[in-house]
Each structure stands twice: as C-alpha cells, then as structure tokens.
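Just below is one structure, and these are the notes that go with it.
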Amino acid sequence: MSFYFDHNATTPLSVAARQAWLEAVEKFWQNPSSLYPEAGAVARRLEDERESLAQLLGVNDVEDPGIVFTSGATESNNATIAHFAHANPDKYCALSAIEHPSVDAPASLHFGERLIKVAVSTDGTISLANLEQILAKGNVCLVCIMAANNETGVIQPCSEVSSLCRKYNVLFHCDAVQWFGKYDPTAIVALADIVVGSAHKFGAPKGTGFLRTSERARHLQLQSGGPQEQRRRAGTENLPGIAAMVRALEETTPNLSLWEQQREARDCFEATIVANLPGTSIIAGNSQRLPNTSMLIMPSGRNLKWLTRLGQRGFSVSTGSACSSGSEDGSHVLTSMGLSPSEINRALRISSGLDTGRDQWDALAKALNEVAEDINSGGSPAGKWIP
Ligand code: PLP
C-alpha cells in the first residue's frame, strides 16, 4: 500500500487532464505559428483555451485577457522579476521573507541591494505594518507576496496587500501556485496585478503554467525571441499541456467545497498526533491555512529519519518545499517565523489531496506512532531503502 501525502509538491494527473493532453497531442500537434490550415486550427484551439481560462479566472476583457502561457511558475516568477528589475533601475522590490525560492532567488539576483524583505510574524503571515512602512518611502516598483505558503499552508492577507499596493501605486505580484485548485480562482486574480499558477499543482502535467496580468502590468515581457503570446513570451506554445491544465482547473471548480472534508480530517489528525506524541507542535496551527496542509515539529529525531521510516511504510511526506528538500539549508520559511535550527530539523510537511480518505489520515497517524517508538528505541531503518 502506498499513501501519498505530498500534494503541495505535485499532484497526480487527473483523468480529464490526461484525456485533453492525449487529444491535443494527437490532433493538434502542428506549430500554431505556422501558416497552413492545420496550424490555424491549432492556433484557434490555443485561443479557445485562453478564453476558457479567462472565464475560469473571472477575466472579462475578451480582446486581451492578459493571460500568458508559460512553462510553469518558476519561469513566470523569474521572468517577471527580471523584467521589473531591469525596467526600473532606480526602484526597489519588496518581497516577503517566506516566498518560494523561484521568487526569492531571482529577486536577489536582479534587484541585488534594491531588495527589501517584508517581515513575517510567528503565525506565518506577513506584517502589513512593515509592508506599509516600506511602501511609504515611495521607491518600490514591485511587491511580491504569495497567496498561500507551500510549506506551512498559511494564507497571506492578499486583500490588504492589494489595497496597500493601490494606495501607493505599486504593482502586486502574487505567486498563487498553492491557491489554484483549492480556492476560488477569481478571488485572487481580482486582487493582484501579476498572478502566477502552475498546472501540476492541480492535476495537470508538469511543465505548463500561466500568468495573468492586470491592465497596468500588461507591458510585462517574459521572454524575447519570437512573436508568440502577443510578443510577451517567445517560444512554441505547449498546447497539450495548456489544454490539460485548463481542463484540470475546470474540473476543480465544482469541487472546491469538498476541501472542507480535508480540513476536518487534517484537524482531527493533528489533534490525534498532539495527544499521542507529547512534544509535537503544529506550525501556525491557529492561522488560516490551506485545508490540506499540516506542518509538524516532531518531538525528537531529525526529519529525514522520520521521512525515511515513513517511506519504508509506504507514506510519502516531505520535510518542506520539494525544492529545498535535498539541500542542507534549513527552511527559510520556518527561520523567518522564529523557529530554532533544532526545531526546523524536526519539521515534517504533510499535504493531502481531495481524494485522501479518513482511513489514510488514520493510517498516517498510526505510522507516526510506530516511527516514534522506533526512533525512541534507537532502531535503525530495516531492509533496503532507495532514496
Ligand atoms: N511557487 C510555489 C509556491 C510553489 O509551491 C512551487 C512549486 O513547488 C513553485 C512556485 C514552482 O512551480 P513550478 O514547479 O511550476 O516551477
């Protein structure tokens, strides 16, 4: 038996996304920029997908919905930040201390000294007071605040961030990768100037994503070298990936209320773990969080020990974001929330999907008990382990 509790890293392919991908790869394989009729059909299909996505995102501007298809969120975040850093050589970027590395690293690279970190409270949310202090100086061109954190699941106060950005006439970039598929897409798109999504976080294949710009950010150019995507992002469009992404997002819309069941199961799981394993703590347990995410600080033993032993029992969990899991550096998210290195080394991230059953949550709670006994008794991992 295997139990997958790492949906914040990636999700399995949905049936609808797979069908859409196969249909497009077989029937619409020509280059949409070519000039013969078959290619025209591909180009039309691409625009149909853009229109469908615009509807899902609540964008009414049919002439130009400001949607750019990309290869994923890492590209969208990198290219957005590089664009603004070079277009505004005298201005600063303000970004939260808990951004994903695909925002944090390009911001350091391109803005360098012109980068200001927005403080984060111990509850995992950004400090709005600190953001306002930064914006009041009048030298910021871009604010980067994510919709929901991939490690802790904490939802950020994007409505208030949006109001502050409008008050100070600054563009708001929102990495909403963990939002799409779990909450109403229109709600986040209405708040930010640049909103980023990634297909593989909601049941579509890896290597596809989108970015939506408001009218004031429409001059954003991501990649040069071709006329595609209204010259905003050069490169042959990945129609199969795009069609699969749009179907997968469509599929999530009627099911959003089902996440409440995951929230109940997650809360019940956390209560069981805290009762059974004294010394365990829940990160941001009292904050507004994604309904599927639980970040635990285990009472003893390094998180890699827990991860290995859980893996041997068929449970896939994470120590943090997938991007940092192989690195020796502790989580910058937990560091910015004031956790000590010893606590960070004991952090486990558990993230479920819509079809994760109560029985699976119960089985995970039981497995954690067994692993705790194993670790307390100093037992070593049995059998072969392939990392
Ligand atoms: N932003 C967040 C919040 C994420 O969780 C991830 C993936 O882990 C990314 C960006 C990167 O997305 P992609 O895999 O599409 O490049």
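The values are calculated or read from the model by the stated rules, or taken from the named source; none is laboratory data. Not measured: the values here are computed from a predicted model. Using ideal geometry, Cβ is built from the backbone for each residue, glycine included, and neighbour counts are taken over all protein chains shown.
Taken as a whole, the range 271-278 holds no residue that is of a type outside the set (Ser, Thr, Tyr), surrounded by 15 or more Cβ atoms within 10 Å (Cβ to Cβ) and either touching a Gly at 6+ places or on another chain (Cβ under 8 Å) or assigned by TED's automatic domain parsing to the domain that holds Trp21 (or both).
Based on what the data block shows, is Gly301 outside any helix (DSSP H, G or I) and under 24 Å from Ser2 (Cα atoms)? The answer is yes for Gly301. Checked against (1) of a type outside the set (Gly, Ala, Ser); (2) within 21 Å of the chain's Cα centre (by Cα); (3) over 30 Å from Arg45 (Cα atoms), Glu75 passes all but a single condition, namely (3). Could you tell me whether the range 56-68 includes any residue that is over 19 Å from Gln228 (Cα atoms), modelled with pLDDT under 95 and in the same structural domain as Leu220 (by TED's automatic domain parsing)? Yes, there is a match, as at least one residue in the range 56-68 is over 19 Å from Gln228 (Cα atoms), modelled with pLDDT under 95 and in the same structural domain as Leu220 (by TED's automatic domain parsing).
With respect to the conditions (1) in a loop (DSSP other than H, G, I, E, B); (2) in the same structural domain as Asn150 (by TED's automatic domain parsing), Gly241 lacks only one, and its number is (1). If you check Thr272, Thr252 for being hydroxyl-bearing (Ser, Thr, Tyr), closer than 30 Å to Thr186 by Cβ and assigned to a helix (DSSP H, G or I), only one passes: Thr252. Going by the conditions given, is His200 in the same structural domain as Ile81 (by TED's automatic domain parsing) and touching a Lys or Arg at 6+ places or on another chain (Cβ under 6 Å)? Taking the combined requirement at face value, the residue satisfies it.
Can you pull out every residue in the range 38-57 that is over 20 Å from the mean Cα position of the chain (by Cα) and in contact (Cβ under 8 Å) with a residue 60 or more places away in the chain? Answer for the range 38-57, where residues must be over 20 Å from the mean Cα position of the chain (by Cα) and in contact (Cβ under 8 Å) with a residue 60 or more places away in the chain: Val42, Arg45, Leu46, Glu49, Ser52. Selection of the range 84-104 for residues being surrounded by fewer than 20 Cβ atoms within 10 Å (Cβ to Cβ) and within 21 Å of Arg233 (Cα to Cα) yields His86, Ala87, Asn88. For Gly226, the conditions (1) under 30 Å from Ala97 (Cβ atoms); (2) part of a loop (DSSP other than H, G, I, E, B); (3) touching a Lys or Arg at 6+ places or on another chain (Cβ under 9 Å) all hold with the exception of (1). If we keep just the residues of the range 125-146 that are assigned to a loop (DSSP other than H, G, I, E, B) and over 17 Å from Ala107 (Cβ atoms), which is farthest from the ligand (Cβ to nearest atom)? My answer is Gly138.
Yes/no per residue for (1) closer than 30 Å to Leu222 by Cα; (2) crowded, with 17+ Cβ neighbours inside 10 Å:
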{"position": "Gly241", "(1), (2)": "yes, yes"}
{"position": "Glu264", "(1), (2)": "no, no"}
{"position": "Ile282", "(1), (2)": "no, yes"}
{"position": "Lys305", "(1), (2)": "no, yes"}
{"position": "Leu310", "(1), (2)": "no, yes"}
{"position": "Ser331", "(1), (2)": "yes, yes"}
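Residue count for the range 307-324 satisfying the condition of being among the small types (Gly, Ala, Ser), in contact with a strand residue (DSSP E or B) (Cβ under 8 Å, 6 or more places away or on another chain) and at pLDDT 95 or above: 3. Only one of the numbered conditions (1) within 23 Å of the chain's Cα centre (by Cα); (2) at pLDDT below 95; (3) assigned to a helix (DSSP H, G or I) is not met by Ser327, and that is (3).
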